[in-house]
1. For the chain, modelled as a GNM with alpha-carbon contacts under 10 angstrom, which of 138, 26, 151 fluctuates the most?
2. With a 1.4 Å probe and all protein chains kept in place, how much accessible area does residue 45 have, in Å² rounded to the nearest 10?
3. Can you tell me, using C-alpha contacts under 8 Å and at least 6 residues apart, the relative contact order of the chain as a whole percent?
4. Enter the angle in degrees (range 0 to 90, nearest 10) between the Cα long axis of helix 9-48 and the first principal axis of the Cα atoms of the chain, meaning the one along which they spread out most.
5. What does the extension gain come out to for residue 137 and residue 15, with contour length at 0.36 nm per residue minus their alpha carbon separation?
6. Quick one: which of 55/85; 55/78; 55/91; 85/157; 54/106 span more than 21 angstrom between C-alpha atoms?
7. Could you pull the accessible area for residue 19 with a 1.4 Å probe, rounded to 10 Å²?
8. Bin width 10 Å, origin at 0, all Cα-Cα pairs of the chain: what percent of pairs per bin?
Amino acid sequence: LLLIFFLVVPEYNTFINLRTDLAQKTAEFNAEYDYYAAIDRTYFDLQGRQDDLKKINDALPSNPDFGELVYFFHQVAKENGLIVKNLFLSKLSASNSQTSNADNVKDIIFSMDLSGDYPSLEGFMASLENSSRIFEITSISFSSALEPPYTFNLQVKTHSY
């Protein structure tokens, strides 16, 4: 009886402690495995959506490339039969958005004077609307000339991070 008490019981207690530790380590391993499996699934899901991510990056780029924007406005105006007389940056500011994630979004406002007819202006606006970048036309004014070419003044707002 003393032999059982001094030899078997301590070994049994050690066995119980090791079994508890094994169960705890197994639970930790399974939790980490599930975590990394979820990361792996998310990674492959994002890899499958590269086209969507590229569209989002085009719509809201990380840096305001003014030269690219000016070139884009000139090309779109030319394709639609308009002439860009003046194009200048009116304002570059942080957005006044209500959401906390949009704190880094900056508004870029261009003011441009265009010359052409109404269908050309309509085509220009449709091209801006259909482009991959987000453009908002905030104001339009035009001259009251009797015959084309008319002079239009547009304010166009876009965004970047």
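The values are calculated or read from the model by the stated rules, or taken from the named source; none is laboratory data. All values reported here derive from a predicted model rather than from experimental measurement. For neighbour counting, all protein chains shown are included, and Cβ atoms are generated from backbone atoms with ideal geometry for every residue, glycine included. For accessibility, only protein heavy atoms count, side chains too; no ligands or nucleic acids. Shrake-Rupley method; radii C 1.70, N 1.55, O 1.52, S 1.80 Å.
1. Maximum among the listed residues: 26.
2. The accessible area of residue 45 comes to roughly 80 Å².
3. On the way: 187 pairs, mean separation 34.7, N = 161.
For the chain, the relative contact order is 22 percent.
4. 20
5. Working: separation 122, 0.36 × 122 = 43.92 nm, distance 7.48 nm.
Net length gain for the segment: 36.4 nm.
6. Details: 55/85 31 Å; 55/78 24 Å; 55/91 25 Å; 85/157 18 Å; 54/106 19 Å.
Exceeds cut-off: 55/85; 55/78; 55/91.
7. Here the accessible area works out near 140 Å².
8. Taking all Cα pairs of the chain, the binned fractions are 9, 24, 19, 12, 8, 7, 6, 6, 4, 3, 1, 0 percent.
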